[in-house]
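Take a look at the structure below.
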Amino acid sequence: MNHPKKERTFVVVKHDGVQRGLVGEIISRIERTGLKIVGLKMFVPAMDKTVEHYGKDDAWCEKAGQRTIDALIKNGGTAEKTALEYGRGILDALYRYFTLGPIVGFVVEGNKAVDIVKKLVGGTEPTTSDVGTIRGDLTLDSYEIANVDGRAVRNLMHCSDKIEEAEREIQIWWRPEELIGYTSIQEKILYDANIDGILE
């Protein structure tokens with residue numbers, strides 16, 4: 001088993017973050033926690049890898065589509081499609097948006113990397129994401145407006161939800177030799193069992 005400080009997660013700054021010039025601020029917020037970047041690149045995602053990355057099935061589509069139907073009814077509208085059809089539409093919109101242009105993907109490493117990044121990023125919907133989170137502070141999109149416009153929600157980022165998901169996603173987007181194992185100076189203060197050699 002790897003040491004907990006070697007936990008890794010996959011993070012993406014999506015098109016809205018790239019286009020708005022927020023890549024540096026987003027990376028800075030993550031690095032300030034003590035997590036370190038072990039891989040970083042800008043690329044345009046291929047559709048086949050995007051489909052593999054999202055890895056959603058009909059059960060996910062059904063659940064997402066039902067949320068859309070519930071929102072329509074709540075706002076006085078009516079459902080014109082099944083939950084599955086709405087869900088598949090949401091998934092297609094995600095695919096289109098993710099492959100639209102350049103994104104910045106990076107892998108970060110450190111204790112509780114997955115949970116720390118999730119906490120920093122905030123909830124999926126920016127308008128309900130907590131103040132202090134990246135999504136809560138830096139954008140204002142909502143499911144409601146995304147549904148009205150028939151598009152994916154623009155929430156700046158993707159981050160892995162669980163350790164197993166992170167491991168799977170990293171394998172999709174990164175070759176092992178692209179990830180660099182190295183020691184950073186700050187790891188001594190963060191992880192060393194006995195901090196010594198500070199005083200001369």
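The values are calculated or read from the model by the stated rules, or taken from the named source; none is laboratory data. Since the structure is predicted, the reported quantities are computational estimates derived from the model, not experimental observations. So basically every Cβ, Gly included, is an ideal-geometry build from the backbone, and we count neighbours across all protein chains shown.
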Next item on the list: Output yes when any residue across region 142-163 is at pLDDT 95 or above, farther than 21 Å from Gln19 by Cα and assigned to a helix (DSSP H, G or I), and no when none is.
Entry: yes
Next item on the list: May I ask you to list the residues in region 25-84 that are within 30 Å of Glu187 (Cβ to Cβ) and of a type in the set (Val, Ile, Thr)?
Entry: Ile26, Ile27, Ile30, Thr33, Ile37, Val38
Check: Filtering region 20-29 down to residues that are surrounded by 14 or more Cβ atoms within 10 Å (Cβ to Cβ) and of a type outside the set (Lys, Arg), which residue is farthest from Val104 (Cα to Cα)?
Finding: Glu25
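Here's a check for you: in region 30-47, which residue that is charged (D, E, K, R) and not in a strand (DSSP E or B) is surrounded by the most Cβ atoms within 10 Å (Cβ to Cβ)?
Step one: of region 30-47, the residues charged (D, E, K, R) are 31-32, 36, 41.
Those still in the list that are not in a strand (DSSP E or B) too: 31-32.
Numbers: Glu31: 15, Arg32: 9.
Checked region 30-47; the qualifying residue surrounded by the most Cβ atoms within 10 Å (Cβ to Cβ) is Glu31.
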Next item on the list: Give just the number: which of (1) part of a helix (DSSP H, G or I); (2) more than 17 Å from the chain's Cα centre (by Cα); (3) surrounded by 14 or more Cβ atoms within 10 Å (Cβ to Cβ) does Val114 not satisfy?
Entry: (2)
Notebook entry, point to check: Cβ-Cβ below 7 Å, separation at least six or inter-chain, first residue in region 157-174 and among the hydroxyl-bearing types (Ser, Thr, Tyr), second at pLDDT 95 or above: which pairs?
Noted result: Ser160/Thr9; Ser160/Phe10; Ser160/Val114; Ser160/Ala166; Ser160/Glu169
Check: Which residues, counting only those in region 171-200, are among the β-branched types (Val, Ile, Thr) and touching a Gly at 6+ places or on another chain (Cβ under 8 Å)?
Finding: Ile180
Check: Which condition number in (1) surrounded by fewer than 15 Cβ atoms within 10 Å (Cβ to Cβ); (2) hydroxyl-bearing (Ser, Thr, Tyr); (3) at pLDDT 95 or above is the one that Thr78 fails?
Finding: (3)
Notebook entry, point to check: Which residue out of Ile180, Ile195, Ile172 is touching a helix residue (DSSP H, G or I) at 6+ places or on another chain (Cβ under 7 Å) and part of a loop (DSSP other than H, G, I, E, B)?
Noted result: Ile195
